[in-house]
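Read the figures in this text as sums done on the coordinates, not as results from a lab. Since we're looking at a predicted model, the values are computed, not measured. Methodologically, a virtual Cβ is constructed for each residue, glycine included, from the backbone with ideal geometry; neighbour enumeration extends over all protein chains shown.
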Amino acid sequence: MNRHSPTPVTVNDRTYERPKVPAIAICLDGCEPAYLDVAIEAGLMPNLKRIRETGTDRIAHSVIPSFTNPNNMSIATGRPPIVHGICGNYLYEPETGEEVMMNDPRFLRAPTVFKAFQDAGFKVAIVTAKDKLRALLGKDLAFDGTAVCFSSEKSDTTTKAANGIDNASAWLGKPVPEVYSAELSEFVFAAGVKLLGEMRPDVMYLTTTDYVQHKYAPGDKEANDFYAMFDRYLGELDAAGAAIVVTADHGMKPKHLADGSPAVVYVQDLMDEWLGKDAARVILPITDPYVVHHGALGSFATAYLPEGADRNDIIARLKATDGIIVAISREEAVERFELPADRIGDVVIVSGENMTIGTSEHRHDLAALKEPLRSHGGLTEQEVPFIVNRVLPDLPSAPALRNFDAFFYATMAAAL
């Protein structure tokens, strides 16, 4: 197939240009825009500073909930959760009565951009920090020499049959990083640079972990070190001629009290008081296997109410609760946040900039939180960077611009 054919690639009712050079989308997990601003001001990101000045610099909106899985899969499909079905890291299945991780490919309801481009004759590469995303991002790819998909976390166990590459850790010459480390993300960038040189994928996705952002505020030395490191790899990718979009899955805000303890509204405890113990079920979609840095505390929750409960009364009580800024019905949440109706509860709840939502106080083990809590999930973490290393004068700004437009504009830039 002629890779430079003018025929576009269509997936999920969106049409993408056929790239003439590699089109790369980079998702900086938890990248509150202030991280970039302060690092550039400190002179630590000369490559990004130049790209901002000579390319296109915007703010985009993430999807809500502003968590990792929904936003990564929106970027991967070019569509909101109502289309692809991934509306959290974690969900409740009423039909089974079980709470499960939403990282199984069976939960994905739409094809990815990667699958569509591979089917059109292009080479694709995906590197993610945590393995929880790898199976979702790589769903239906054929590992026949035209696709690579692996995680830093499990890089020493990759195979050509399952990932398109044998032992990615040995291939890169780097040991498997500790999962709670900046090195887990650095592995992603280093792999991206090497893949660009060796494989020359037409479409590549690099997505990191927000370990650093959960622990350190913009301007902290550890945060600045992280972004300086990223800038070096960004410079290499840019110098190789790729068209690049840098964005994020969500922002990050401080969510703690003056004494450093987490700021939390324990909504399951409230529901138990209002409706009886365990009559309602509160689900925290931020929940995943990696809770050390956030304690499963975020700013978005959904609640399943018992039959006969007065939903309007519960919503009114939630709205009157300090720290809660949104309490709406399932139907309103589907319309406002473009969420799949069958994967959220009767009520959707969002807390404010400096507040999180918990279930019951006794269920959260916060002993591992060594620094004051920083987290995400709500409207106040919806603003994310959207930076292109090409001039795209007609690029809109938020709210019209979404982080899941990343490949649409990366391929557009790559087709120029």
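State which entries of Lys154/Lys277; Lys215/Lys277; Lys49/Lys174 exceed 31 angstrom in Cα-Cα distance in the structure shown.
On the way: Lys154/Lys277 41 Å; Lys215/Lys277 34 Å; Lys49/Lys174 29 Å.
Flagged as over cut-off: Lys154/Lys277; Lys215/Lys277.
If you take every DSSP beta bridge fully contained in the chain, what fraction is antiparallel? Give it as a percent rounded to 5.
Details: 31 of 55 bridges.
Here the share of antiparallel DSSP bridges comes out near 55 percent.
Is region 302-350 rounded, prolate or oblate when judged by the Cα gyration tensor, a ≥ b ≥ c being the square roots of its eigenvalues, rounded requiring a/c under 1.5 and prolate requiring a/b larger than b/c?
Oblate is the answer for region 302-350, as a/c is 1.5 or above yet b/c matches or exceeds a/b.
Compute the distance in nm between two label points, each set 7 Å from the Cα along the Cα-to-Cβ direction, one at Ala341 and one at Thr10.
In this crude label model, Ala341 to Thr10 measures out at 2.7 nm.
How far apart, in nanometres, would the label points at Lys277 and Asp104 be if each is projected 7 angstrom from Cα along the Cα-to-Cβ direction?
3.1
Per residue of the chain, what 222 nm ellipticity follows from adding -39500 (n - 2.57) for every DSSP H run with n ≥ 4, rounded to the nearest 500?
Numbers: 15 runs with 127 residues, N = 416.
Helices in the chain give a 222 nm mean residue ellipticity of -8500 deg cm²/dmol.
Name the aspartates and glutamates eligible as straight-distance cross-link partners of Lys253: C-alpha to C-alpha under 18 Å, and not fewer than 8 places from it in the same chain.
Asp29, Glu32, Asp37, Asp210, Asp220, Glu222, Asp322, Glu353, Glu371, Glu381, Glu383
Expressed as a rounded percentage, what relative contact order does the chain have, with Cα pairs under 8 Å and six or more residues apart?
Numbers: 993 pairs, mean separation 121.1, N = 416.
For the chain, the relative contact order is 29 percent.
What is the dipole size for region 264-375, taken about its Cα centre, with +1 at each Lys and Arg Cβ and -1 at each Asp and Glu Cβ, in debye to the nearest 20? It would help to have the intermediate numbers written out before the result.
Numbers: 11 positive and 19 negative charges, 45 e Å.
So the magnitude is around 220 debye.
Let me check I have the definition right: for region 264-375, take the eigenvalues of the Cα gyration tensor, multiply each by 5, take square roots. What are those semi-axes in whole Å, largest first? Could you put the intermediate results ahead of the total?
Numbers: eigenvalues 104, 49, 34 Å².
Value: 23, 16, 13 Å, ordered largest first.
Which order do the peptides 168-175, 304-311 come out in when sorted by mean C-beta neighbours inside 10 angstrom, highest first?
Working: 168-175: 16.2, 304-311: 13.2.
Going by the mean number of other Cβ atoms within 10 Å, highest first, we get 168-175, 304-311.
Could you order the peptides 207-217, 30-40 from most to least packed, using the average number of other C-beta atoms within 10 Å per residue? Don't skip to the answer; put the middle values down first.
Numbers: 207-217: 24.7, 30-40: 21.5.
In descending order of packing, they fall as 207-217, 30-40.
Say R0 is 45 Å: what FRET efficiency, to the nearest 0.05, do Ser261 and Asp119 get from their beta-carbon distance? Mind showing how you got there, number by number?
On the way: r = 51 Å, r/R0 = 1.13.
Taking R0 as 45 Å, the efficiency between Ser261 and Asp119 is 0.30.
So if we plug the beta-carbon distance of Glu222 and Ile59 into 1/(1 + (r/R0)^6) with R0 = 22 Å, what FRET efficiency do we get, rounded to 0.05?
Result of the calculation: an efficiency of 0.35.
Which number do you get for Rg(Cα) / (2.2 N^0.38 Å) in region 187-236?
On the way: Rg = 12.7 Å, N = 50, 2.2 N^0.38 = 9.7 Å.
That works out to 1.31 for region 187-236.
Take every Cα pair under 8 Å in region 264-375 that's 6+ residues apart, average their separations, divide by the length, and report that relative contact order as a whole percent. Can you show the working numbers first?
Working: 192 pairs, mean separation 40.6, N = 112.
Relative contact order of region 264-375: 36 percent.
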